[in-house]
1. List the residue pairs whose Cβ atoms are under 9 Å apart, where the first residue sits in region 415-431 and is within 10 Å of Ser263 (Cα to Cα), the second is polar (S, T, N, Q) and surrounded by fewer than 20 Cβ atoms within 10 Å (Cβ to Cβ), and the two are 6 or more positions apart or on different chains.
2. List every residue pair whose Cβ atoms lie under 7 Å apart, where the two residues are 6 or more positions apart in sequence or sit on different chains, the first residue falls within region 387-403 and is within 8 Å of Ala266 (Cα to Cα), and the second residue, located anywhere, is outside any helix (DSSP H, G or I).
3. Of all the residues that make up region 369-413, how many are of a type in the set (Ser, Thr, Tyr), within 22 Å of Ala72 (Cα to Cα) and outside any helix (DSSP H, G or I)?
4. Look through Leu59, Leu22 and report the one residue that is at pLDDT 85 or above, under 29 Å from Arg374 (Cα atoms) and under 19 Å from the mean Cα position of the chain (by Cα).
5. Look at Leu185 and say whether it is among the hydrophobic types (A, V, I, L, M, F, W, C), surrounded by fewer than 22 Cβ atoms within 10 Å (Cβ to Cβ), at pLDDT below 85 and not in a helix (DSSP H, G or I).
6. What are the pairs, 6+ residues apart or on separate chains, where a residue within region 330-342 that is touching a residue at least 24 places away in the same chain (Cβ under 8 Å) and closer than 11 Å to Glu420 by Cβ has its Cβ under 6 Å from a residue that is surrounded by 14 or more Cβ atoms within 10 Å (Cβ to Cβ) and of a type in the set (D, E, K, R)?
7. Can you name every residue in region 115-145 that is modelled with pLDDT under 80, closer than 30 Å to Thr286 by Cβ and either polar (S, T, N, Q) or not in a helix (DSSP H, G or I) (or both)?
8. Within region 291-300, identify whether any single residue is polar (S, T, N, Q) and under 21 Å from Val254 (Cα atoms), and answer yes or no.
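The values are calculated or read from the model by the stated rules, or taken from the named source; none is laboratory data. Here the structure is a predicted model, which is why all the values come from computation and not from measurement. Counting neighbours? That spans all protein chains shown, and the Cβs are built from the backbone with ideal geometry, glycine included.
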Amino acid sequence: MVVAHLSSARRVLAVVAGGYLLASWAMNPVSSILPTITSSLGVDVTRAGWVMNAYFVLLVGGVLVAGRLGDAFGHGRLFRAGCLVFATGSLLAAVPGDFTILIAARAVQGLGSALIFGTSLAIIATVYAGPRLGWAVGILTVSAGSASLVGTWASTTIIQLADWHWSFAIPAIIGATLALTANGLPSIRRTLIKDGLNHLHEGPETFEAGAPYHLTMHAIALGFLVLFLWRQLQTPKPLIQLRLLRVPELSAGVLANGIAHSSMLATSLLIPFLLERGKGYSPAYTQQLMVAMQVSLIAFSLLGGWLYSRTGSPAIGILSISAIALGLAVMGRIGVDLPFTGLFPVVALLGAGLGVFTAVNNTAIMSSVTAEQRGFASGLVETTRQLGHSLGVTVSSGILQTSLAAATISELGYRDGFSEAASAMAIAAAAGILIVLYPVVRGQWSVVRKAGRVLTTDH
């Protein structure tokens, strides 16, 4: 149902968009300064992945549950709590400390982001409907892109003027401000669960003793997710409605969502290391390239949401994920040989592809479920998005570290690792094209079969 007063709907959209901006600040703005952070703390590329995956472990493990808890206790309440938790984690990261403190702070940020992302789309789908839903989702995508744009610029500027810890002070202020202004968000409570919450606390909850690599952290996050899903299958009133995955638009959409974001965050992690370690550029060059990608993402997010709200054509989503695959293929093939200015068109294509795809795909997913299922759908979208981010970091940093270990000259190792990782992500994006095509082809085949039965009946 659309909120009666447009001003109220716009206020809700502004607050939720602010939350999207806040949680997104923990991604690209952080990956863009990883070379500086790792140098300051004396850690290698493999351990640098912990800085990203400590955030994603809590985010991936909690976002789907947050969506369903929002269905039960009110999406607005959990959203506001998420802003407070995220601000706390940011404040902890802003305090100078060792590597362990930073990892703990990133985990707290991840928990806060899970509460924000898991409820945002459900809140927006409550106040907007029909063609305006696509426009509203596009605004959220723009907000996430704005966080990457402004955050990347701010973070890369701060490290040139002061200590990197100060880059975490800004999101701490934003989070506290949003928590104070988030009163009045839709918090419809539905009686969806009476038991089953105890299943959230069963099973082991510690990392394998002494595990040195972030791949172990990622594997444990996946293990918890699988364990939770298995336990949910045993209860008559589950938090997670797995039967919804039978809806082709939903299942294909969330899977392609994860693939697209996996490819893109891998790019955001790889580019700074290529420029600063592989080519010897300063962080100022990283800033220019990353900002250009986010400008493209923001501009095309609005365009994608507008086009889809007008046409509803699935071709827009297919073309946009194809653009991602093409951009990554170019990066993998000739990216290391391009001059600095030659990289701009490629990152602009990548930003445009993700901007359009996110707006279109998220709108299609939220339109495929009922009002009672929006919390689950919202959480599922963010789960696959953040799981994709985590996979992108894991795979790309792993390939990069493997290349460095085999190289006799570190600069060549960074270059070769960049090419191999970008090529791997291009293959993943190509698989995403096939996934997006599946519900389209399936729907057309159903129409053909129905038409055939009608003709057979007539004869």
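1. Ala429/Ser322
2. Cβ pairs passing all conditions: His389/Met27.
3. 1
4. Residue meeting the stated conditions: Leu22.
5. no
6. Val336/Arg415
7. Thr141
8. no
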